[in-house]
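*Asks:* Before I ask anything, let me first share the structure, which is written out below as structure tokens.
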Amino acid sequence: MSAKIISGTEVAAQIREELKKEVDEMKAKNGVVPGLVTILVGANPASISYVTAKIKASHELGFYSIQDDQPSDIAEADLLKLVDKYNKDPKIHGILVQLPLPKQVDEKKVLNAIDPDKDVDGFHPVNVGRLMIGGDEVKFLPCTPAGIQELIVRAGFETSGAEVVVVGRSNIVGKPIANIMLQKGKGANSTVTVVHTGTKNLETHCKRADILIVAAGVPGLVKPEWIKPGACVIDVGVNRVGEKKSEKTGKMIPILKGDVDFEAAKEIAGAITPVPGGVGPMTITMLMKNTVKSAKLHARIQ
Ligand code: GUN
């Protein structure tokens, strides 16, 4: 039987609808407008397209938003000053510095300069620590892992007691999603294994997974025979394997492939995310969710 295809595009649209209602309500009842600033340094085409999508989503939800573009030769001290300006701006509840940053800027220094209570990316060490501690400590979950958890829960999979295997140990996906799934509570409480390039016998671990989350950045790494029949497979890989002409625009666009052999895997898995259209659309939506949460926390409203 063919797997249920988990559409991140559909789930993201549903969450944005829920968020729009929440924003309309907080504006009407409390006069609070969520504020987001995106800081883009230079003109990396991928970064421009990500930031454009983030600004568009924030406009659609009725946020107050600022797109602060800076030249690629900006001095580190000037970027730190800019972050500080937004740390102090009461209309701004979320600060996002688009990565990567140019060489003359120490990325870590800049991320660490963001007020942890405005860190809607969830990359600040304080928020990483809050996630490790769990419970009420958690303020902002990093966006891609938070989106993965939403997809699993909304696809109807029981996470409590489930064997979750995470392939990859990056700071942005692997480590935080492992932490999220092992929290005590709803949508988590799983038994988590993290496998990586140093793991012996990847296949054996993957075969045990009720929920298999793959974020390795290696196209087609996970073979169909590694998948437990009926498992939930979340493919976080976005690998550019070539280019093709867009039917819509006629422009050349990248051909994207996940870390899982999708066509074969969907005949074995119970549910699977496609690439593109799986995890990808969730990331920006969770950024919007974090910004709404931040605005509520700052305004002390429920
Ligand atoms: N660059 C690529 N993805 C991201 C992201 O999620 N946040 C930031 N700040 N930069 C990125």
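Bear in mind these aren't lab numbers, they're just calculated from the coordinates by the rules spelled out. Given the structure is predicted, the values throughout are model-derived calculations rather than measurements. Neighbour counts are summed over all protein chains in view; Cβ atoms, including those assigned to glycine, are modelled from backbone coordinates with ideal geometry.
*Asks:* Express the Stokes-Einstein translational diffusion coefficient of the range 1-103 in µm² s⁻¹, to the nearest whole number, given a Kirkwood radius over alpha-carbon pairs, 4 °C and a viscosity of 1.567 mPa s.
*Replies:* Once the numbers are plugged in, D ends up at 83 µm²/s.
*Asks:* Related question: What does the charge dipole of the chain about its Cα centre add up to, to the nearest 20 debye, if the Cβ of each Lys and Arg holds +1 and the Cβ of each Asp and Glu holds -1?
*Replies:* 200
*Asks:* Normalising by the residue count of the range 125-252, find the relative contact order in percent from Cα pairs under 8 Å and 6+ residues apart.
*Replies:* 21
*Asks:* Just to confirm the filter: which GluC sites (Glu not before Pro) across the range 172-257 are DSSP coil and have at most 13 other Cβ within 10 angstrom of their Cβ? Don't skip to the end; give the middle numbers.
*Replies:* Numbers: sites: Glu203, Glu225, Glu243, Glu247; in loops: Glu247.
Here the sparse-neighbourhood loop sites are Glu247.
*Asks:* Sticking with this one: Positive end of the charge dipole of the range 1-121 (Lys, Arg +1 and Asp, Glu -1 on Cβ, about the Cα centre): tell me which of Ser58, Ala75, His93 has its Cα farthest that way.
*Replies:* So the residue we want is Ser58.
*Asks:* Let me ask something else. Tell me which trypsin sites (Lys or Arg not before Pro) from the range 151-200 have a DSSP coil assignment and no more than 16 other beta carbons within 10 Å of their own.
*Replies:* Sparse-neighbourhood loop trypsin sites (Lys or Arg not before Pro): Lys184, Lys186, Lys200.
*Asks:* Please name which of Ile213, Pro274, Gly174 has its Cα lying farthest along the dipole of the range 151-302 towards the positive end, using unit charges on Cβ (Lys, Arg +1; Asp, Glu -1) and the Cα centre as origin.
*Replies:* Among Ile213, Pro274, Gly174, the one farthest towards the positive end of the dipole of the range 151-302 is Gly174.
*Asks:* Run the simple label-point estimate for His59 and Thr191 please: 7 Å along Cα→C-beta, distance reported in nm.
*Replies:* 5.0
*Asks:* Roughly how many nanometres apart are two label points built 7 Å out from the Cα toward the Cβ at Ser160 and Ile133?
*Replies:* 2.6
*Asks:* Translational D (Stokes-Einstein, µm²/s) of the range 110-188 at 4 °C and 1.567 mPa s when Rh comes from the Kirkwood sum over C-alpha pairs? Please report the intermediate quantities before stating the final value.
*Replies:* Working: Rh = 13.0 Å.
Rounded, D is 100 µm²/s.
*Asks:* Kirkwood Rh, the range 195-302, all Cα pairs: how many Å? Numbers along the way, then the final one.
*Replies:* Details: mean 1/r = 0.0630 Å⁻¹.
In the range 195-302 this quantity evaluates to 15.9 Å.
*Asks:* Return the distance in nm (one decimal) between the two label points of a simple spin-label model at Glu247 and Lys4, each offset 7 Å from Cα along Cα→Cβ.
*Replies:* Computed distance between label sites Glu247 and Lys4 equals 2.7 nm.
*Asks:* How would Leu99, Leu36, Leu221 line up from fewest to most surrounding beta-carbon atoms within 10 angstrom?
*Replies:* Leu99, Leu221, Leu36
*Asks:* If you take the C-alpha gyration tensor of the chain, multiply each eigenvalue by 5 and take the square root, what semi-axes do you get, largest first, in whole Å?
*Replies:* Equivalent ellipsoid of the chain: 32, 22, 20 Å, largest first.
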